[in-house]
Amino acid sequence: MAFRFFSSKSMAQDVKTQLTELLQQALASVAPSASATPIQLERPRDPTHGDFATNLAMQLAKALKKNPREIARQLVNELPVSTLVTKADVAGAGFINFTLDAGAKTDIVKAVLAEGENFGRSTQGGWQKVQVEFVSANPTGPLHVGHGRGAAYGASLSSLLTFAGWDVTREYYVNDAGRQMDILGLSTWLRYLEQNGVDVPFLPNAYQGDYVREMARQMSIAHGAKFVRQAADVLAGTPGLPEAERADDEAKRQRDQHLDALIANAKALLGPDWTYVHQHALSEQLADCRDDLEQFGVRFDVWFSEQALFDTGLVARCVDLLEKKGHLYVQNGARWFKSTTFGDEKDRVVQRENGLYTYFASDIAYHLNKFERGFDKVINIWGADHHGYISRVNGAITALDLDAAKLQVALVQFAVLYRNGQKASMSTRSGEFVTLRELRGEVGNDACRFFYALRKSDQHLDFDLDLAKSQTNENPVYYIQYAHARICSVVNQWAGDPGTLTVADFSLLGNPRELAIASKLTEFREVIENAARELAPHLIAFYLKDLAGEFHGWYNAERMLVDDAALRDARVALAAAVRQVIRNGLAVLGVSCPESM
RNA sequence: GCGCCCGUAGCUCAGCUGGAUAGAGUACUUGGCUACGAACCAAGGGGUCGGGCGUUCGAAUCGCUCCGGGCGCACCA
């Protein structure tokens, strides 16, 4: 397996490498003084411009003070003879266009078939350790379509990096400490009290969703009235709620005070039972979340608990460390980190006046932990609303004498969902959001994953639910899957032994469509490497669309199962190679490849 | 106000490290199934790449500026 993989690598790079070497030789004789000029080779989009083009002559024009077309002519004249190149033309302002030997191009078919699911793998990452942290949504309710985007992106990126030769750890950071979890616990308890006939009003700023009622119901089933307390005790010392219509800051503050007082009462009244209620809500939501993601084809290697950072004392240790290094100071009773030293726009609190650590403090500890685990690269996938966070985290890492360059933050823009032409509400608290589960149910996992993968992650996404529901056949994912199913059908009717396809006579693949497809197959590894470097799995989606398009065009123009056995085998081999690359690409994107549809 | 992201066909979006006549899907018009799957193909119209200035052989791409949109600027998470 390993040597095949290695041989394919050298094979596929051969063409470009060989061309580069030929050009370097020509360059050394035409312009010895500029022999260090980097050779740039690109694939022209216009097929009449050949298979590869270089702008070398134009780059040299200024230094040599000569007409670029003249330089190009000289380079072509000095180009060593090679069986690889059938034509080298000077074109345009001074491009050199190379047309490759057909046989050199169709050799790729054999490589694809020989390497199978490993075709396209790269050694680019050098098996360095990289951590990809993504989703990391608060386990306070079901995942929504925004989380789905982060999940799809993170999962595809992780697969992509694995395919490109990285040793990837997929991680979910669980925010199981802090106020949001307390609010979820309280919400559950209030619903429980309600269901057990205790007259305590539910809160507008608690979690409204039906899943909270469901958790409360389960608690009743398992523990009866064990957690029931008197309404007067529950409400003792609370300021009460302002009128429901009021949305001013004062009303908001009062609601928050009321809620915090209820949490304090809950802890006092329930004692150890509060821990149970809190944990029950957490584990239920986390399990739901994990289940949802698994059905979406998204799996994690590590579920990392924020609470563990406190329990193991890492947060305290981390703050002490910053203190010792002189990056902290006390003001107004709170402890501040001097993030402005590292380019942040203002300093940040790590420990509040009341002694509690901020989220930022545990986040610093989390990053210290990541670095201590020895990753060569750490990728955080965050919602775009967290971008203001990057500089302070970078600052903290630098302050701890760690290499901030190892951390890369990929921002994912929000997915805005449209239903009936209207923006759908995305607030978790209001309980009116569209969940990832609903989306998957309506659109299907494959279309969902592909739709998310179909755009750059840092681009805003308009997700028209009605369109996705009513016109799923229009989704480009079916275009690619259809090409795959078509090929499966042809191969089945061909009824030969697929093992014999690697020895077909590929020189029979001579028409322009066939050669174009062969070139496209060669591009696959470049696409993988480029996408991995840019953290941009969407490039694979676009590549597969192109590849499928070229296949469909060829399929409609030429018959594969012709009488001439040699030609038939060569064409089936090319089709099988397309099928293999579609499989490999869709696997990275987490999309299935049905053999019939 | 400051910072980050974005502005490409009616709509949704690609466009690699600057390259040749800016692309795809969709929508619209037309044609193609007694041949391997028509969830497909072929052809056509559709553009001030938000505006301007600059860098250079060459700019959608890089820089500056203006306009327009999103997000962020907590002792919240």
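Couple of notes before you dig in:
- Hits in region A:157-190 - residues which are open to solvent by 10 Å² or more (accessible area, probe 1.4 Å) and either touching a strand residue (DSSP E or B) at 6+ places or on another chain (Cβ under 6 Å) or among the charged types (D, E, K, R) (or both): A:Thr162, A:Trp166, A:Asp167, A:Val168, A:Thr169, A:Arg170, A:Asp176, A:Arg179, A:Asp182
- Filtered residues of region A:341-375 (kept if more than 31 Å from the chain's Cα centre (by Cα), surrounded by 15 or more Cβ atoms within 10 Å (Cβ to Cβ) and among the polar types (S, T, N, Q)): A:Gln351
- Every pair of residues 6+ apart whose Cβ atoms lie under 6 Å, when the first sits in region A:318-338 and is over 18 Å from A:Tyr366 (Cβ atoms) while the second is open to solvent by 40 Å² or more (accessible area, probe 1.4 Å) and not in a strand (DSSP E or B): A:Gly333/A:Glu353; A:Ala334/A:Arg352; A:Ala334/A:Glu353
- Region A:497-537, subset part of a loop (DSSP other than H, G, I, E, B) and touching a Lys or Arg at 6+ places or on another chain (Cβ under 9 Å), residue nearest to A:Leu589 (Cα to Cα): A:Ala536
- Scanning region A:267-292 for residues that are without any contact (Cβ under 8 Å) to a residue 60 or more places away in the chain, under 15 Å from A:Lys226 (Cβ atoms) and of a type outside the set (Gly, Ala, Ser) gives A:Leu269, A:Pro272, A:Asp273, A:Thr275, A:Tyr276, A:Gln279.
- Scanning region A:355-375 for residues that are in contact (Cβ under 8 Å) with a residue 24 or more places away in the chain and of a type in the set (Val, Ile, Thr) gives a single hit, A:Ile364.
- Among the conditions (1) assigned to a loop (DSSP other than H, G, I, E, B); (2) outside the structural domain of A:Thr502 (by TED's automatic domain parsing); (3) over 15 Å from the mean Cα position of the chain (by Cα), the only one that A:Ser136 does not satisfy is (3).
- Unique match (being without any contact (Cβ under 8 Å) to a residue 60 or more places away in the chain and surrounded by 14 or more Cβ atoms within 10 Å (Cβ to Cβ)) among A:Asn530, A:Asn556, A:Asn492: A:Asn530
- Of all the numbered requirements in (1) touching a residue at least 12 places away in the same chain (Cβ under 8 Å); (2) of a type in the set (D, E, K, R); (3) within 16 Å of RNA strand B (Cβ to nearest atom), A:Lys66 misses one, and that requirement is (1).
- Per-region count, region A:67-119, residues aromatic (Phe, Trp, Tyr) and open to solvent by 10 Å² or more (accessible area, probe 1.4 Å): 1
- Those residues of region A:223-247 which are closer than 12 Å to A:Tyr192 by Cα and among the small types (Gly, Ala, Ser), in sequence order: A:Gly224, A:Ala225
- So A:Gln124, is it within 16 Å of RNA strand B (Cβ to nearest atom), open to solvent by 40 Å² or more (accessible area, probe 1.4 Å) and assigned to a loop (DSSP other than H, G, I, E, B): yes
- Given (1) at pLDDT 95 or above; (2) in contact with a strand residue (DSSP E or B) (Cβ under 9 Å, 6 or more places away or on another chain); (3) under 16 Å from A:Ile364 (Cβ atoms); (4) of a type outside the set (D, E, K, R), index of the condition A:Val302 fails: (3)
- Qualifying position, being hydrophobic (A, V, I, L, M, F, W, C) and surrounded by fewer than 17 Cβ atoms within 10 Å (Cβ to Cβ), among A:Ala575, A:Ala565, A:Ala541, A:Ala518: A:Ala565
- Of all residues in region A:570-597 being over 14 Å from A:Arg486 (Cβ atoms) and either within 12 Å of RNA strand B (Cβ to nearest atom) or not in a helix (DSSP H, G or I) (or both), the one that is nearest to the chain's Cα centre (by Cα): A:Gly590
- Considering only residues in region A:76-103 that are under 43 Å from the mean Cα position of the chain (by Cα) and assigned to a helix (DSSP H, G or I), the one that is farthest from RNA strand B (Cβ to nearest atom) turns out to be A:Gly103.
- Failed item, numbered, when A:Glu214 is tested on (1) open to solvent by 30 Å² or more (accessible area, probe 1.4 Å); (2) part of a loop (DSSP other than H, G, I, E, B): (2)
- Flag if A:Val174 is of a type outside the set (D, E, K, R) and over 27 Å from A:Phe414 (Cα atoms): no
The values are calculated or read from the model by the stated rules, or taken from the named source; none is laboratory data. Keep in mind that what you see is a predicted model, and the values were worked out from it rather than measured. A quick note on method: Cβ atoms are made from the backbone with ideal geometry, for glycine too, and the neighbour counts reach across all protein chains shown. Keep in mind that these areas ignore ligands, DNA and RNA; they rest on the heavy atoms of the full protein, side chains included. Shrake-Rupley method; radii C 1.70, N 1.55, O 1.52, S 1.80 Å.
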